[in-house]
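For reference, the structure discussed in these notes is given below.
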Amino acid sequence: MSWSGPVHRWDVFLASLDPATGTELRNTRPVLVISNDEYNRHFDDITALPVTSLEGKRRRVYSFEVVLPRGTIGTAYTSIVQPFQIRVLSKRRLVNWIGQISDVDQRLAIEDELLRHLGIELEDTR
């Protein structure tokens with residue numbers, strides 16, 4: 001059963017990412033919606049960033065990833081947002097809503113890394 005409610009920017013959903021190919025993240029995992037609310041209202045897909053957990057893995061955290069403290073997105077794990085794995089997903093892949101990123105500093109960190117990944121440089125007006 002897929003999610004049938006509204007979808008907003010900064011929402012975190014559990015989403016089915018299979019089938020995947022190559023190094024794309026797979027399985028059912030959290031994703032962070034980054035597409036804007038107007039787009040999300042009018043289209044049947046969303047733009048999202050996959051999220052993975054840090055616990056239980058032997059991996060380094062890269063400078064272009066954003067670490068979210070345990071419990072930030074409604075999970076019991078420290079989460080890693082991966083701005084380099086941008087995905088356009090059908091809303092039918094969204095299983096259920098699990099949280100939302102409301103902290104402004106965390107949002108800015110994610111936006112900064114997303115822009116850096118895309119090679120977009122903006123004048124800092126903050």
Open item on the list: Cut-off is 10 Å between beta-carbons; in what order do I73, I98 appear when sorted fewest neighbours first?
Closed with: I98, I73
Task: Cα-centred dipole magnitude for the stretch 11-118, charges only on beta-carbon of K, R (+1) and D, E (-1), debye, nearest 20 - done: 520
Open item on the list: Quick check on the chain: helices-only [θ] at 222 nm, where DSSP H runs of length 4 and up contribute -39,500 (n - 2.57) each and the sum goes over total residues. Nearest 500, please.
Closed with: -5000 deg cm²/dmol
- [ ] Quick one: which residues, 5+ away or cross-chain, put their amide H under 5 Å from the amide H of D45? H built at 1.01 Å from N.
- [x] K91
Task: Within a Gaussian network of the chain (alpha carbon springs, distance under 10 Å), most fluctuating of G74, G99, G56 - done: G56
Open item on the list: Using Cα-Cα distances under 8 Å and only pairs 6 or more residues apart, what relative contact order does the stretch 11-118 have, in percent?
Closed with: 30
Open item on the list: Are there any trypsin sites (Lys or Arg not before Pro) in the stretch 55-114 that are in a DSSP loop and have at most 15 other Cβ atoms within 10 Å? List them by number.
Closed with: K57, R58, R59, R60, R70
- [ ] Order these peptides, 9-15, 79-85, 61-67, by their mean beta-carbon neighbour count within 10 angstrom, highest first.
- [x] 9-15, 79-85, 61-67
- [ ] Just rank H42, H117, fewest to most, by other beta-carbon atoms within 10 angstrom.
- [x] H42, H117
TODO: Using Kirkwood radius over Cα pairs in Å as the read-out, say which of (i) 17.1; (ii) 18.4; (iii) 14.9 was calculated from these coordinates.
DONE: (iii)
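All of the numbers you see were taken from the coordinates with simple rules; none came from a lab. These numbers were taken from a predicted model, which means no experiment stands behind them. Reconstructed Cβ throughout: ideal geometry from the backbone, glycine too, with neighbour counts over all protein chains shown.
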